[in-house]
């Protein structure tokens, strides 16, 4: 039993990721005396939820196959954050404004869904086009200036802490991650997602509504991006038109590092969560040690390629071993 | 020119009722007319030559991107290659080396980096988007580490004839673009290598079975794209005579957008060099025209994204009507 568990590639992947995370933690505390302080924890977890939701959304989109990818999440985040701040400046209650922003996120995600599942445009191109479209709209409609003036009463979510852990980590990230894990691992929808990612034709013949499923996941990805936007709004008390720039590639990186197969069918929430922690630890550790941001990019890039190469080597070895 | 793959019939490719080049030509004429009626400066020779000078580096990169996409790959690291190559060029100049040494260094470094992408994709079997995404991070890291927040500036202007020069009244950029696209066109249409490229893009398994050395073709194609990014770096340095931190940040996505606007299919097997060039011209005309008619240049990405959605939708509808499986 134990041996079979170890042979499970995803479990091995998780162990390997946890080891990598431990290595990051140890290196960070060695290179910076400031890292092993209680004050580091909230600092470390501050950025995790926003990036984390995007990474989880990307994981789901990739899992359902197609091949699926969503390059527009960063732009959706920027645009829905701006919509929230703009509605608030018109006098709408901030929570209702956030809700409206989340609905907008769902609409933006649905645009991707229509382009990809109804028209059959490859996801890479469709979401590249909407990335240009949404990101451009966010910049053009605001003229590039941020919308501020979010009240202090809303700052509890992004700035407040409970047990020295940021509130948005407790209130949004943990429940959503658990919900997505349950969705993937313990529901029929989750099995359908894996089935569609492994063999869409077989899944279709077995009655899985593959297109509808994928459409839903793109819409869900828009919603997750909008929730990320709400967290950012509360953290910075302003919405920047370029808030999500670069996040699309980072979220793809996190999903792939976490063991999600880029062509779908393989991956878990747990792997993605550990991958987020690795990226966040790297960011904070190198920052505290006053090491250039460039090293962080270099390490992330190497990890990304290295993890896929290691996967391939493992697959080859298993094939040879029969 | 029809898209590669379509005319012979034996290579799969969408037979478009309206060729993409025609759609792009209509789009270029439409935005051109719009800008010309709004600004009398738009259609002057000086402005158009400026647009040409600004689009040479993107056009050169797009030629490589077209080949890669025809092969069914993608390269998002071209901006990083351009940046690293430009750093080598800048530092070589600072070390007092002459043009004859500096240019080969820049192009050579870029070719090596491209070949590195090719090796990762072909030998380690990493999906191209992941491989080049990873190397892009690494290249950008090299850029930051070497350049460290300052510009390399005050580079000599011995190469600026590549941008500003004229020959029998025609700007030098026309010759550079003509040369690069001519060579790529010959490679693609008249060489077995180009056929292998299309074959890999259409069906990699079959291409392997008929005896094409897939790994070698892939590495060569990525190396060629790297070399073209190196040429773009030389042109960049020749044009601006400095190397700054945010060099090459958007050029990969712009190149992919222009290539797909030009009729390339991201799933491989189909693509058009002329179309890609027209895509570049469209993007650069929009960037230039919006500034001239006083609309914020921030709208340019909206226009590019909108046109991308339109052409992709048209393609999708046509594919569906002709009954090919999606």
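Bear in mind these aren't lab numbers, they're just calculated from the coordinates by the rules spelled out. Here the structure is a predicted model, which is why all the values come from computation and not from measurement. Because the Cβ atoms are built from the backbone with ideal geometry, glycine has one as well, and the counts that use them run over all protein chains shown.
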**Asked** Taking the simple approach of a point 7 Å from Cα along Cα-to-Cβ for both residue B:296 and residue A:153, what is their distance in nm?
**Response** 3.0
**At R0 = 41 Å, FRET efficiency that the Cβ-Cβ distance of residue B:95 and residue A:163 yields, to 0.05** = 0.15
**Item:** Relative contact order (%) - the range A:85-152, alpha-carbon pairs under 8 angstrom, separation at least six
**Value:** 37
**Asked** What is the Rg over Rh value, at two decimals, for the range A:223-276, using alpha-carbon atoms and the Kirkwood definition of Rh?
**Response** 1.07
**Fill in**
Hull surface over four for the Cα convex hull of the range B:117-253, reported in nm², is 10.4
**Asked** Relative contact order, percent, of the range B:20-321 when contacts are C-alpha pairs under 8 Å separated by at least 6 residues?
**Response** 36
**Complete:** Checking A:308, A:48, A:274 against a Gaussian network model of chain A (alpha-carbon springs below 10 Å), the top fluctuating residue turns out to be A:308
**Item:** Average beta-carbon neighbours from other chains, 10 Å sphere, peptide B:292-298
**Value:** 3
**Request:** Please report the base-10 log of the normalised intensity I(q)/I(0) for the range B:228-305, using a Debye sum with one equal scatterer per alpha carbon and no solvent, at each q in 0.11, 0.20 (1/Å).
**Result:** -0.35, -1.04
**Message:** Give me the one-decimal nm value for the distance between modelled label points at residue B:41 and residue B:313, 7 Å along each residue's Cα-to-Cβ direction.
**Reply:** 3.4
**Request:** Report relative contact order for chain A in percent, whole number only (criteria: Cα-Cα under 8 Å, sequence separation at least 6).
**Result:** 35
**Asked** What residue among B:36, B:252, B:229 has the largest mean-square fluctuation in a Gaussian network model of chain B, using Cα springs under 10 Å?
**Response** B:36
**Shielding by partners - mean other protein chain Cβ count within 10 Å, residues of B:209-222** = 0
**Message:** So the label point goes 7 Å from the Cα of residue B:250 along Cα→C-beta, right? Which residues of the range A:136-169 then have their backbone N under 13 Å from it?
**Reply:** A:136-140, A:144
**Request:** Decide, for the protein assembly as shown, between rounded, prolate and oblate: order the square roots of the alpha carbon gyration tensor eigenvalues as a ≥ b ≥ c, take rounded if a/c falls under 1.5, and otherwise choose prolate if a/b is larger than b/c, else oblate.
**Result:** rounded
**Asked** So how far, in whole Å, is the C-alpha centre of the range A:26-51 from the one of the range B:58-101?
**Response** 37
**Fill in**
Mean projected area, convex hull of alpha-carbon positions in chain B, reported to one decimal in nm², is 17.2
**Helical contribution to [θ] at 222 nm, DSSP H n ≥ 4, -39,500 (n - 2.57), averaged over the protein assembly as shown, rounded to 500** = -23500 deg cm²/dmol
**Complete:** Within 10 Å of the Cβ of an average residue in A:290-298, the count of other chain Cβ atoms is 5
**Request:** Set the Förster distance to 25 Å, then compute FRET efficiency between residue A:171 and residue A:238 from the Cβ-Cβ distance, nearest 0.05.
**Result:** 0.75
**Isotropically averaged projected area of the range A:1-93, using the convex hull of Cα atoms (one quarter of hull area), nm²** = 10.9
**Message:** I need the P(r) histogram for the range A:39-316: all alpha carbon pairs, bin width 5 Å from 0 out to the longest distance, whole percents.
**Reply:** 1, 6, 12, 17, 18, 17, 14, 8, 4, 1, 0, 0, 0
**Asked** Dividing the alpha-carbon Rg of the range A:39-102 by 2.2 N^0.38 Å yields what?
**Response** 1.41
**Message:** Tell me whether the range A:124-236 comes out rounded, prolate or oblate; compute the Cα gyration tensor, take square roots of the eigenvalues as a ≥ b ≥ c, and use a/c under 1.5 as the rounded threshold.
**Reply:** oblate
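Using a/c under 1.5 as the rounded threshold, could you call the range B:226-268 rounded, prolate or oblate? The axes a ≥ b ≥ c are square roots of the C-alpha gyration tensor eigenvalues, and prolate needs a/b larger than b/c, oblate otherwise. Present the calculation step by step, with values, prior to reporting the outcome.
Details: a/c = 2.97, a/b = 2.21, b/c = 1.34.
The shape class here is prolate.
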**Prompt:** Under a plain spin-label model, where a point goes 7 Å from the Cα along Cα-to-Cβ, how far apart in nm are residue A:39 and residue A:26?
**Reply:** 2.8
**Message:** Please report the equivalent ellipsoid semi-axes of the range B:189-253, computed as sqrt(5 x eigenvalue) of the Cα gyration tensor, largest first, in whole Å.
**Reply:** 34, 12, 9
